[in-house]
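Quick note: the coordinates plus some simple rules give every number you see, no bench work behind them. Because the structure is predicted, anything quoted here is derived from the model rather than measured. Using ideal geometry, Cβ is built from the backbone for each residue, glycine included, and neighbour counts are taken over all protein chains shown.
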Amino acid sequence: MKYNSQKVAYWFFALSMLLLSLQIVYGFIMAFAHMGYDGLHPFIAFNTARAVHTNLLVVWILSGFMGAAYYIIPEEAEHELVNVKLAYIQLISLALVGVVAIIGFHFNYWEGRKFLEIPRPLDYLVVANVLTFLGLILTTLYKGKKRTTTALVLSMGLLFAALLYLPGMIWFDNQTMDSFFRWWVVHLWVEGVWELIMGGILAFLLIKITGVDREVIEKWLYVIVGLTFISGILGTGHHYYYIGVGKTWLVIGGIFSALEPLAFLAMALFAVSMYRKGEKKHPNKIALSWTLGTAITSFVGAGLLGLAHTLPQVNMYTHGTLVTAMHGHLAFWGAYGMIVFAIISYTLPNLTGRKLFDSMTGIVAFWLANIGMLGMTVAFGVAGVAQVYLERKMGMDFGDVQKEIQVHFFVLVVCATMFATGIGMYIYEFIRYGTPSKEALLTKD
Ligand code: HEM
Ligand code: HEM
Ligand SMILES: [Fe+2]
């Protein structure tokens with residue numbers, strides 16, 4: 001660690017791990033409900049658990065991204081963060097807004113729009129929070145000595161992500177209009193600007209870990225940004241097939257979204273080829289595993305499993321079924337969960353000055369979490385395909401179908417237990433590292 005202010009990152013990562021743990025608890029509540037064990041229903045109904053699960057997901061990922069930016073930007077710009085106190089205030093307010101929203105969901109204080117459930121008054125607090133964060137990041141970048149491509153792509157991703165939150169705050173009385181703009185947030189985040197954030201963090205990690213020249217790595221970033229925008233913007237159309245807008249979206253959405261996997265393929269090829277080209281001398285093999293892992297898993301989860309249901313002919317049957325959950329899990333985990341784990345694994349030894357990366361626990365955590373998540377994806381997929389045939393093809397009632405597919409959730413719970421054990425071991429390692437220390441400033445990264 002070169003700059004004292006980079007320490008802020010640690011606390012964002014800690015918040016991220018805390019919220020992930022809670023997200024997993026709500027995942028289990030839903031998985032058991034799917035098996036028919038819904039004893040908690042009077043206190044935590046399925047829709048509440050679902051909103052809590054997905055919103056916690058978004059907040060732990062955002063907290064991870066913010067931590068990543070607070071670590072990467074000072075280092076890339078060669079300048080201390082301009083105001084550390086404000087960064088801590090931003091951290092605490094992020095946690096507070098998150099907690100109030102989550103508690104509110106349990107009392108039906110919510111908007112009921114998937115992923116954008118946070119009620120309007122809290123939205124304004126989110127905006128203030130993100131503006132503070134961006135102000136700190138962009139001023140540091142502006143005042144710094146250097147503006148690298150990596151730092152610019154990361155900051156651009158963060159800035160666009162903030163701007164794209166706004167279309168979700170426009171009020172519509174019309175369901176189709178509301179849905180149309182909701183996708184500007186949800187789709188253009190995960191299949192647009194978050195890919196820039198991921199690309200920026202990935203480039204930073206590859207520069208540090210593989211030792212390949214920055215120029216080579218950053219050239220790839222342009223390719224990734226280009227492919228993301230060419231395919232992702234009009235790819236939004238794959239959510240417009242049957243929501244009540246014009247038929248042209250069937251063609252536009254189908255064609256452009258089918259091209260989206262290319263950006264993820266480029267990221268996977270990029271990471272693997274940089275690794276092969278590199279010196280393979282960096283001792284932090286766990287960070288390397290998460291870095292290569294995120295590039296490859298995101299291609300499978302987002303690219304391939306996204307492609308599996310993106311054509312209008314398929315989506316007509318699979319829309320909103322467990323096929324979506326199959327893709328949602330591996331895509332979110334592979335692209336955004338794992339990149340957060342990668343940056344944490346790389347930065348923890350540098351932030352704390354303790355080089356504990358030679359540990360079996362860390363390696364076992366990596367494999368358990370990933371094999372567990374892959375198993376969960378398969379379980380969701382099998383349940384989803386069965387659901388599509390029974391409900392959409394044969395016309396069986398939704399509730400009857402849910403009973404038929406209960407058995408697949410037993411497998412899901414087994415795999416989820418594996419996943420949760422891996423995450424538990426990772427968090428154990430996180431705690432073992434301890435908090436950031438002064439000595440860390442003197443040790444070599
Ligand atoms: C990392 C990137 C991605 C993430 C995190 C992600 C995640 C998700 C999530 C959570 C949903 C459910 C959204 C909702 O119903 O509100 C969804 C839907 C969808 N995704 Fe992705 N996705 C990614 C990339 C892709 C790509 C590249 C494709 C296409 C090639 C794709 C195709 C789809 C389709 C067609 C749907 C709609 C499913 C339905 O109709 O129910 N996704 N995605
Ligand atoms: C122990 C771990 C987990 C379990 C048991 C679990 C289980 C579930 C269940 C049962 C649902 C609801 C599906 C439905 O609507 O019927 C769900 C939704 C969802 N979960 Fe998880 N989950 C876990 C971890 C995760 C993680 C780590 C992520 C992301 C990195 C994630 C992302 C999502 C998303 C995006 C949705 C919404 C999917 C959609 O839109 O269809 N989950 N989860
Ligand atoms: Fe999409």
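Using a Gaussian network model of the chain whose springs link C-alpha atoms within less than 10 Å, name the residue from L196, L62, L163 with the highest mean-square fluctuation.
Evaluated over the chain, the most mobile residue of the options is L163.
Which ³J(HN,Hα) values, rounded to whole Hz and listed in residue order, are derived for the stretch 141-151 from phi using the Karplus coefficients 6.51, -1.76 and 1.60 in 6.51 cos²θ - 1.76 cosθ + 1.60 with θ = phi - 60°, glycine and proline given as x?
5, 5, 7, x, 6, 10, 10, 7, 4, 4, 5
If one takes the longest principal axis of the Cα atoms in the chain, at what angle in degrees, from 0 to 90 and to the nearest 10, does the Cα axis of helix 261-277 lie?
Roughly 30 degrees between the two axes.
What is the Cα centroid distance between the stretch 200-279 and the stretch 1-21, reported in whole angstrom?
Cα centres, the stretch 200-279 to the stretch 1-21: 27 Å.
If exposed chymotrypsin sites (Phe, Trp or Tyr not before Pro) are those in a DSSP loop with at most 15 other Cβ within 10 Å, what is the longest stretch of the chain that has none?
Numbers: sites that count: Y37, F43, F107, Y109, W171, F172, Y242.
In short, 243-445.
Highest GNM mean-square fluctuation, the chain, Cα pairs closer than 10 Å: which of R432, R214, R147?
Answer for the Gaussian network model of the chain: R432.
Could you tell me how far the Cα centroid of the stretch 365-379 sits from the Cα centroid of the stretch 121-135, in Å?
After rounding, the separation between the Cα centres reads 34 Å.
How tilted is helix 84-105 with respect to the longest principal axis of the chain? Cα atoms for both, answer in degrees (0 to 90, nearest 10).
Between helix and principal axis, roughly 10 degrees.
In cubic angstrom, how much convex hull volume per residue do the alpha carbon atoms of the stretch 1-147 span?
102 Å³
Whole percent per 10 Å bin, from 0 to the bin with the longest distance: what is P(r) over all C-alpha pairs of the stretch 40-104?
Reading upward from the zero bin: 18, 38, 24, 13, 5, 1.
Taking every alpha carbon pair in the stretch 321-445, what does the distance histogram look like in 10 angstrom bins from 0, in percent?
With 10 Å bins starting at 0, P(r) equals 13, 33, 24, 16, 10, 5, 1.
Test of understanding: in a Gaussian network model of the chain with alpha carbons linked when under 10 Å, which of L159, L265, L40 would top the mean-square fluctuation ranking?
Of the options given, L40 has the highest mean-square fluctuation.
At a temperature of 10 °C and a viscosity of 1.306 mPa s, determine how fast the stretch 198-347 diffuses translationally according to Stokes-Einstein, using the Kirkwood radius over alpha-carbon pairs as Rh; express D in µm²/s, rounded to the nearest whole number.
My calculation gives 99 µm²/s for D.
Using the Karplus curve 6.51 cos²θ - 1.76 cosθ + 1.60 with θ = phi - 60°, what ³J(HN,Hα) values do you get for each residue of the stretch 75-81, in whole Hz, with x for Gly and Pro?
Using θ = phi - 60°, the values come out as 5, 6, 7, 6, 7, 4, 4 Hz.
Which links in K143/K219; K7/K219; K208/K285 stretch past 22 Å when you go from one Cα to the other?
Pairs exceeding 22 Å: K143/K219; K7/K219.
How big is the Kirkwood radius of the chain, worked out from every pair of different alpha carbons and given in Å to one decimal?
By the Kirkwood definition, the hydrodynamic radius is 22.3 Å.
Which angle from 0 to 90°, rounded to the nearest 10, does the C-alpha axis of helix 194-210 make with the longest principal axis of the chain?
40 degrees
Check each of the trypsin sites (Lys or Arg not before Pro) in the stretch 72-134 and keep only those in coil by DSSP with at most 16 other C-beta atoms within 10 angstrom; list them in order.
In loop regions of the stretch 72-134 (DSSP not H, G, I, E or B), the sparsely surrounded trypsin sites (Lys or Arg not before Pro) are R113, K114.
Given contacts defined as C-alpha pairs under 8 Å and at least six residues apart, what's the relative contact order of the stretch 321-445, whole-number percent?
Details: 131 pairs, mean separation 53.9, N = 125.
About 43 percent, as a whole number.
If you add up the charges near G226, with Lys and Arg at +1 and Asp and Glu at -1, over every other residue whose beta carbon is less than 15 angstrom from its beta carbon, what do you get?
Net of charged neighbours comes to -3.
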